[in-house]
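Please read the structure below before turning to the comments.
The values are calculated or read from the model by the stated rules, or taken from the named source; none is laboratory data. Worth saying up front: this structure is predicted, and the values here are computed from it rather than measured. Methodologically, a virtual Cβ is constructed for each residue, glycine included, from the backbone with ideal geometry; neighbour enumeration extends over all protein chains shown.
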Amino acid sequence: MNRDPVHFRKHLSAVDTIFFDLDGTLYLGHKPIAGAARAVGRLRALGKCVYFLSNNSSKSKRQYVERLRAFDIPATDDEVILSTDSLVAYLRAQRIGRVHVLGTRGLCDAVAHAGIAVVDRNPEYVVIGYDTELTYAKLAAACRHINAGVPMLATHCDLFCPSEDGPLPDVGSFLEMLKAATGKSPEQIFGKPTPSMLAAIQARAPVDPARALMVGDRLYTDMRFARNIGAKSLLVLSGETRMDQLSATDFSPDFVLDSVADMV
């Protein structure tokens with residue numbers, strides 16, 4: 001683990017592809033991280049291939065593209081990789097035709113767009129996503145299916161979502177609540193840190209993880225994802241993780257910087 005920006009920059013020549021986490025890394029809630037747009041632009045000018053990775057399944061790719069562009073970071077739909085991509089790929093590979101979704105309209109639309117029916121009766125799976133439109137009725141409906149023996153899938157495992165007002169409950173918190181109520185856990189979880197996110201990228205273009213760098217603010221998703229796929233890792237201290245938390249983890253990122261602005 002190295003905290004020297006100059007030392008980090010010397011290693012950029014060994015990197016072809018950079019995976020950026022979004023919330024907590026390029027922006028925090030509705031505020032951009034200072035210098036983030038310049039850093040991404042400079043890295044692209046150096047010939048780096050850039051992707052934007054998020055576990056947040058509450059929004060569509062188009063919504064993320066629009067948010068990034070509002071922060072002066074140009075992006076395309078193909079450059080945005082969500083936990084939803086891995087989930088949908090799994091459902092299609094398993095030839096699943098009917099699911100019940102505890103999630104936002106955006107998540108339901110993404111599943112339906114893939115040709116998988118979103119239903120209230122006789123689903124093959126219950127899909128749990130980050131639901132910013134959550135109601136008790138939706139929780140009760142999901143529990144009825146789970147209690148009846150329908151297996152669960154979760155888009156990701158983040159316990160909370162960072163915001164300018166502090167942490168807010170995310171899918172991991174929902175899963176803890178559902179387990180307390182039903183005694184059941186998901187059959188499979190997608191998104192970082194699982195390698196399924198890399199598979200979603202490699203379905204679009206060849207990427208060598210040994211020449212890739214994951215940039216993020218979370219140890220248990222971003223940095224573990226880098227380790228799981230064999231990529232280099234850069235932890236930024238602009239979001240969730242504090243420097244004093246590194247001593248309590250069972251592994252260290254390759255590099256630590258205050259923010260993405262220090263990358264260039």
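Below is a table of values for the structure above.
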quantity: Qualifying residue in region 142-153 (condition: in a loop (DSSP other than H, G, I, E, B), touching a residue at least 12 places away in the same chain (Cβ under 8 Å) and buried (at least 21 other Cβ atoms within 10 Å of the Cβ)); calculated: no
quantity: Residues that are surrounded by 15 or more Cβ atoms within 10 Å (Cβ to Cβ), in contact (Cβ under 8 Å) with a residue 40 or more places away in the chain and either assigned to a loop (DSSP other than H, G, I, E, B) or in the same structural domain as Tyr51 (by TED's automatic domain parsing) (or both), drawn from region 159-187; calculated: Pro162, Asp170, Pro186
quantity: Listing of helices (runs of 4 or more DSSP H) fully contained in region 1-110 that carry 2 or more residues being surrounded by 13 or more Cβ atoms within 10 Å (Cβ to Cβ), within 18 Å of the chain's Cα centre (by Cα) and not basic (Lys, Arg); calculated: 61-70, 83-93
quantity: Any hit, region 162-172, residues being of a type in the set (Asp, Glu), closer than 23 Å to Asn228 by Cβ and within 14 Å of the chain's Cα centre (by Cα); calculated: yes
quantity: Filter result for Ala199 (under 17 Å from the mean Cα position of the chain (by Cα), assigned by TED's automatic domain parsing to the domain that holds Phe20 and in contact (Cβ under 8 Å) with a residue 40 or more places away in the chain); calculated: yes
quantity: Selected residue [acidic (Asp, Glu), assigned by TED's automatic domain parsing to the domain that holds Val40, within 26 Å of Ala36 (Cβ to Cβ) and modelled with pLDDT under 95] from Asp208, Asp217; calculated: Asp217
quantity: Search result, residues across region 92-119 that are touching a strand residue (DSSP E or B) at 6+ places or on another chain (Cβ under 7 Å), within 21 Å of Lys192 (Cβ to Cβ) and of a type outside the set (Val, Ile, Thr); calculated: Leu102, Gly103, Leu107
quantity: Subset of region 170-196 (residues that are closer than 19 Å to Asp217 by Cα and touching a Phe, Trp or Tyr at 6+ places or on another chain (Cβ under 6 Å)); calculated: Asp170, Val171, Lys192, Pro193
quantity: Among (1) modelled with pLDDT of 95 or more; (2) closer than 12 Å to Thr17 by Cβ; (3) within 17 Å of the chain's Cα centre (by Cα); (4) not aliphatic (A, V, I, L, M), the one test that Ser233 misses; calculated: (2)
quantity: Filter result for the condition that a residue is in contact with a helix residue (DSSP H, G or I) (Cβ under 8 Å, 6 or more places away or on another chain) and not aromatic (Phe, Trp, Tyr), over Val88, Val6; calculated: Val88
quantity: Residues (surrounded by 23 or more Cβ atoms within 10 Å (Cβ to Cβ) and either assigned to a helix (DSSP H, G or I) or of a type outside the set (Gly, Ala, Ser) (or both)) located in region 202-217; calculated: Leu213, Met214, Val215, Asp217
quantity: Residue count, region 237-262 (criterion: in contact (Cβ under 8 Å) with a residue 40 or more places away in the chain, part of a helix (DSSP H, G or I) and either exposed (fewer than 12 other Cβ atoms within 10 Å of the Cβ) or of a type in the set (A, V, I, L, M, F, W, C) (or both)); calculated: 3
